[in-house]
Structure formats: C-alpha cells, structure tokens
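Beneath this line is the structure, given in structure tokens, with notes to follow.
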Amino acid sequence: MAGAVAVGLWLVAGLIGLRRATARTAPLDDARWLALRDAVAAELGLRRTVGLRIGHSTVGTWGTFRPRIVLPPEALAWSDDCARAVLAHELAHVRRHDFAVLLASTVLCAVHWFNPLAWIVAGRLRDEGERACDDIVLDTGIGSHAYAAHLLDIARGSRGPVLAAAMAMARPSTLEGRITAMLNPAIDRRLPSLPVRVMALVLLLVAASAGAVRLVAQQAGPLPLQGAVFDSSGAVLPAVEIALVNEQGVKWTNPTDGEGRFEFTPVGAGKYVLEASIPGFRTLRQEIVLERASDWTKNITLQVGQLEETIQVTARRPRTPAAAPAASSGGPVRVGGNIKAPAKIFNVNPVYPASMQEAGLEGVVKLDVLIATDGNVASVRVVSAQVHPEFAKAASAAVRQWRFTPTLLNGVPVEVAMTASIFFSLSD
C-alpha cells in the first residue's frame, strides 16, 4: 500500500505540475498557427477543438476532455513546414487518446509498483505511442529527413525538465530510436486493417477475462470448508471428530453427520491444520492451504488403527552368568499396518533363549506384525534399535505361529497391523 500511495502521489504531483505550467502560458491567437491547426486536424479526421497555448519551455500535449498543445515562445518564428510537423504529431496524440492511456498505465504501475514488468510495459507503451504519431506525421506527406531535422531542432531548443505526466514531443531518452525508425524505409507504417484491430481487441479481452477469473479463483474465500470422511473400503464414517486449527492456534471442531459429511463456515484463505479422529482408526493430521475455490472441498480417507500385543516371558536368573554368544546377521522384512483387534485363536509363547538366560541378560523386543486377511501372520519386523539377535529370533519365531480370526471392515476381510512387545525378564 505504501508503494502504491507513493506512485499515486507522484502522478498527482505531475498533474499539478501540468496545471501550473498551463497557468503560466497564454492562448495562442496567431492566425497562421490557427489556420495550420485547422488544416492538419481536418486532414487527420480530428473533429475535436484543440487549444493552442504559448509560453512553455518545450512542445507537449496534455488534457483528456480539453486537450491543449503548448509551444515555446520561439514557435512563432518556426517555418510552416516545422509548424505543420509539430501540429501533426501533437494532434495525432489527441486523436489516439494517448494522454488517457498514459494516465491509465501510470495507475496500473501504482497498483503493481513492485513488478518491474509493469514499468517496462508502461515505458514501451509511451515509446510506441511516440513512434505511432511519427508514422502519422510521415503519412501526411512530410519527408522523413525534413521531419527528423525539425525534431532535432526542437530538442536542441527545449529548456527545462520534461514533466512526467506530459506527452512531450522531443523527449531526449527516445529521440535516437525514433529518428532511426523514421529514417528506415523498410518499416511498414500502415495501420492494421479494421478486422485485424477488432480481432486483436477480442483476443485482449479474452486474455484479460481469463486472468481476472483466475485471480478471483486464487483469491477465493471465505467459503464453507466441507467434505466427507471414508474408510479404506469407501464407506462413509459418521461421528468422526473433525478439527480445524488456524495459524494463531484457534481451534474449531465439528463431527461428521450420518452421511460422513462435515462443514465449517465461513473459512477464510490461509494455512490451517485439519485433524480427523475416531476410535479404531488412525488419527489424521494434515496441513492444508486454502487459496483456490477448489481448496475448500476436502475428502478424507482414514486408515484402520494399529493393534498392540504385550507378552511377558520370564525365566529363572542363573547364579553364575556365562558369556553372551556373538551376534549373528539377519534383517526382518519391512511391513505396513491396518485395524481393530482380531481374536487370537492360536497362541505360541516365546521361549527364553538358553544362552541369554545363562548370560543373565534381559531385553524387550518390539515387533511390527502384519496379519493377513485370513488371520495368518504375513510378516514380522523387529523395530527395536538395541536388542540382542537371540531375543529377536525367539520373539519372531513365536509370533509367526500366531493365528487370528479374519479382521472385517464393513464385512470385507482386511489386513491389520499389530505392534507386539515381548518382554524377556529373569526372576530370582
């Protein structure tokens, strides 16, 4: 906002400068200049009355509803050819409404002051406007070399700074490029045909409309945040506790209805944490960003929770501990997980390794167990970081023999993950 205000103040200062510059000039009532103005305006098909004023340091045009051309005092001594070239150029600006375009581009630069492309496009728009007016001057029959000479003479005679909001004829920064262009005979200076201009305008409007629609979509909100919660079989889950937490830590909760749907309204754009929890399923915690309209719809699938089994294996502590055997290599297979506890129908208790009992060692083995849809143990993985391999082998061998009833999710057998903790301890 500060940048936009600064550019806006710069534009206002330029307009105030133009008003003061106009106040220091006087109407030009020279008959020769008035006759040349009317003749050039008729040749360009311009029906608006453009005022002539004299007394400014440079040649320029400004004004939207009451355009005026300001001239330096020495303009009274210019030849008819030079005066005609100047009037053709400045009246071309009026016919093209370049001053209004200049103001509009400056306003856009104020809005997008941080984007260098906006300033580049605005500068190119001003430069191309000057060259378009040069082409109109050449189209009136004035020779390119004569026009270039007049332009150089006007630039040499200009005094003082060029006002930022004015359409100055001989702006030093663009003079070289303009003269090079007007002396190039290969350039096609004809205006595009009417169908081409209409098609260009239609394409511009389509592009602008698409950009506006995309911008509105990106800046959507506040909107209702809504969605549904399902299990892994695709069935809906009612009574799921849904929580929404914003960046300030404010939390809203809302359970799903009988159809598994939830809704928070209204929710503004930004970053949030979405949580979903229900007994028997893994709690979901997900960071979400609400920007586009489609972001306000969230469908959630909860995975079945993880089971836990704890086994205590006890043996008598030896009076004289022996040396522990060397560790052997071997790695368990990595497995995944799923839901609620099935019933164990066949159990095998781990056997305390004799070598560990003789060495007087104890330990805890934690296993990731995957129970298949038929109730058999599909895989076992040791997750304890510090456990003797003898304990791991004994625990894994027993767990692989366990059998369970199939776990059913909505009547369909599913795999289920279990965390088994096997405690090997010695008693006196």
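The values are calculated or read from the model by the stated rules, or taken from the named source; none is laboratory data. Everything quoted here is computed from the prediction, not taken from an experiment. Here the Cβ is made from the backbone with ideal geometry for all residues, glycine too, and neighbour counts use every protein chain on show.
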Query raised in the report: Just for the stretch 374-428: of the residues that are among the acidic types (Asp, Glu) and surrounded by 19 or more Cβ atoms within 10 Å (Cβ to Cβ), which one is nearest to Pro342 (Cα to Cα)?
Result: Glu415
Query - Boolean, Leu9 is exposed (fewer than 13 other Cβ atoms within 10 Å of the Cβ) and at pLDDT 90 or above - result: yes
Query raised in the report: Cβ-Cβ below 7 Å, separation at least six or inter-chain, first residue in the stretch 174-185 and under 13 Å from Ala132 (Cα atoms), second polar (S, T, N, Q) and modelled with pLDDT of 85 or more: which pairs?
Result: Met182/Ser144
Query - Residue within the stretch 51-74 that is more than 19 Å from Asp134 (Cβ to Cβ) and assigned to a helix (DSSP H, G or I) present - result: yes
Report summary line: Picking from Ala118, Ala39, Ala83, Ala88, the residue that is part of a helix (DSSP H, G or I), of a type in the set (A, V, I, L, M) and either modelled with pLDDT under 90 or within 30 Å of Ala208 (Cα to Cα) (or both) would be Ala118
